[in-house]
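The values are calculated or read from the model by the stated rules, or taken from the named source; none is laboratory data. In this text, all values refer to a predicted model and were calculated from it rather than measured experimentally. Here the Cβ positions follow ideal geometry from the backbone for every residue, glycine too, while neighbour counts run over all protein chains shown.
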Protein chains: 2
Amino acid sequence: MDVNLNKRPVPKMDAISNPCAACSVRDLSICRVLNADELREIASIAANLEYAPHDPIIDEGEAAEFMFNVTSGTVRLYKLLPDGRRQITGFLSNGDFMGIALNDNYTCSAEAVDRVTVCRFARNKLETLLDKFPHLEKRMLGLASNELIQAQDQMMLLGRKTAKEKIVTFLLSLSRRQVEIGGVASPVALPMSRTDIADYLGLTTETVSRTFSLLKRDNAIRIEEGGMVSLPDLDALQEIADGY
Amino acid sequence: MDVNLNKRPVPKMDAISNPCAACSVRDLSICRVLNADELREIASIAANLEYAPHDPIIDEGEAAEFMFNVTSGTVRLYKLLPDGRRQITGFLSNGDFMGIALNDNYTCSAEAVDRVTVCRFARNKLETLLDKFPHLEKRMLGLASNELIQAQDQMMLLGRKTAKEKIVTFLLSLSRRQVEIGGVASPVALPMSRTDIADYLGLTTETVSRTFSLLKRDNAIRIEEGGMVSLPDLDALQEIADGY
DNA sequence: AATATGCATTGATGCAGGTCAATACTCGGC
DNA sequence: GCCGAGTATTGACCTGCATCAATGCATATT
């Protein structure tokens, strides 16, 4: 028990009786559309879990028993070929929902990139809630639609963009995501390794590294301390990303 | 008026009072989950349209006013870069729904590959029906989930597979699709051009052509008349597709 | 039959990005 | 401050696919 308890601000009653109402990523997540009563109900089926860097979260092929909301940290979703080639299909962070794209089994594996916290739901219980709250199902469909749009963009990137265009597109998408979750457009944090970036963009670590060096040399990006990357001219970068 | 009307078989009452009930792709489409009354209702907001080969169906960026069910033929969905590079994000056929992945505007263009017929819905009217029929919304979410799974596979293909693996994966997916819509696994029809295939797989026409020739030489595929491609050993092809 | 038009195939050559290998960071542990 | 392990960078070289350029082969037109 924390001896300093009485020095901290008293939590609102809400945070005890209705933990989801106090959730810091609620407005980013599927839960945005739920009212106080509904939040209490979803809280009753949610478990808060934590993963250390590199911990596996789900394995492709396993029975898809759970769905997740990422509440902090970064998760990588990926698929493997038998010989070990890896394609990362997405990075998830604050408020992202994991588990729309599944049938009976998971179709991707997921691992923690850094320290990750999630909100885990038994799938059958969450699906019961979806039936009960049509607006939650509608919200889910909206998320699925957004994910499909992103997937189409990623296909364009993988199939038709050059290494330079891929890296710049990636940095800009991180930047936009940071803004979405209430942060700044620049500098952007890069929690994932060069290998992760390579496997996301269909490149090798070496090419990722060389392309970063090239962009640094041209002053298109600047590496700050802590590995943050600052993007001095977003419009110029956007032109590169679009292949002009 | 057709003077031979009385020589033709008398249509069932259903086909007149409830055209959607007689739809040949109903069980493949979102409409599978609708009962007779609901089919009548969706019929009242549907328009049947036809497109000639190469006709544009929707343009990326336009206000997303309509959604579509493909009832026959093949549609290509694609995105362009400013310099003309094209990525085909999918081919749609019998029973496929077009319009899950959109926000206010279309995020992809669509064109008829061959002669195409569609069932067109005004988006706002279809969305009203979604609110009214929760099972239809659920069905839509299921379709979105399947599309996301396919998109992940396509990312693996584009980012990590070789030209040969890409072509074989593509042929197998066409084969599986043919089975899904009630046809045979082999031979498969290829309504789209080499250029379309190239832009779908992140290759050039020349590489597609060379790879077909290679597969022919190795007796992994055989070209039949009418451009059908027969796949004599599906298991062997699957191993190639998976990169063994 | 002769010609045109559009797509597919094949060949010769080039290069972006991959591969292999060495070196340089970075950061935690002591 | 020093060491070790993991990660990133850089260099030298190679290759799979792209590019550029003919040629072949249908179907349509006259």
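Numbers below:
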{"item": "Criterion violated by A:ASN69 - all others in (1) closer than 27 Å to A:ARG194 by Cβ; (2) among the polar types (S, T, N, Q); (3) in contact with a helix residue (DSSP H, G or I) (Cβ under 9 Å, 6 or more places away or on another chain); (4) not in a loop (DSSP other than H, G, I, E, B) satisfied", "result": "(1)"}
{"item": "Cβ pairs under 6 Å, 6+ apart, first in region A:155-168 and acidic (Asp, Glu), second within 14 Å of DNA strand D (Cβ to nearest atom)", "result": "A:GLU165/A:GLY243"}
{"item": "Every residue from region A:201-234 that is away from DNA strand C (no atom under 14 Å from the Cβ) and either β-branched (Val, Ile, Thr) or assigned to a helix (DSSP H, G or I) (or both)", "result": "A:ARG217, A:ILE221, A:LEU234"}
{"item": "Complete set of residues in region B:206-244 that are more than 16 Å from B:VAL188 (Cβ to Cβ) and within 14 Å of chain A (Cβ to nearest Cβ)", "result": "B:THR207, B:GLU239, B:ASP242, B:GLY243, B:TYR244"}
{"item": "Residue match in region A:46-57 (condition: farther than 15 Å from A:ASP196 by Cα, within 13 Å of the chain's Cα centre (by Cα) and surrounded by fewer than 20 Cβ atoms within 10 Å (Cβ to Cβ))", "result": "no"}
{"item": "Where a residue in region A:189-202 is farther than 17 Å from A:GLN150 by Cα and at pLDDT 95 or above and its partner, wherever it lies, is within 10 Å of DNA strand C (Cβ to nearest atom) and not polar (S, T, N, Q), with Cβ under 7 Å and at least six apart", "result": "A:LEU190/A:GLY227; A:ARG194/A:VAL208; A:ALA198/A:VAL208"}
{"item": "Selection from region B:45-94 of residues that are within 14 Å of chain A (Cβ to nearest Cβ) and of a type in the set (A, V, I, L, M)", "result": "B:ILE58, B:ALA64, B:MET67, B:LEU77, B:LEU80, B:LEU81, B:ILE88, B:LEU92"}
{"item": "Those residues of region B:167-199 which are within 14 Å of chain A (Cβ to nearest Cβ) and either under 17 Å from B:ASN94 (Cα atoms) or more than 16 Å from DNA strand C (Cβ to nearest atom) (or both), in sequence order", "result": "B:THR169"}
{"item": "Extreme residue, nearest to B:GLU60 (Cα to Cα), among residues of region A:149-166 that are more than 7 Å from chain B (Cβ to nearest Cβ) and within 16 Å of DNA strand D (Cβ to nearest atom)", "result": "A:LEU157"}
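To keep it simple, each residue is scored yes or no on (1) of a type outside the set (S, T, N, Q); (2) touching a Gly at 6+ places or on another chain (Cβ under 6 Å); (3) more than 12 Å from chain A (Cβ to nearest Cβ); (4) under 23 Å from B:ARG76 (Cβ atoms).
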| site | (1), (2), (3), (4) |
| --- | --- |
| B:ILE100 | yes, no, no, yes |
| B:TYR106 | yes, no, no, yes |
| B:VAL113 | yes, no, yes, yes |
| B:VAL118 | yes, no, yes, yes |
| B:GLU127 | yes, no, no, no |
| B:LYS132 | yes, no, no, no |
| B:GLU137 | yes, no, no, no |
| B:MET140 | yes, no, no, yes |
| B:GLU147 | yes, no, no, yes |
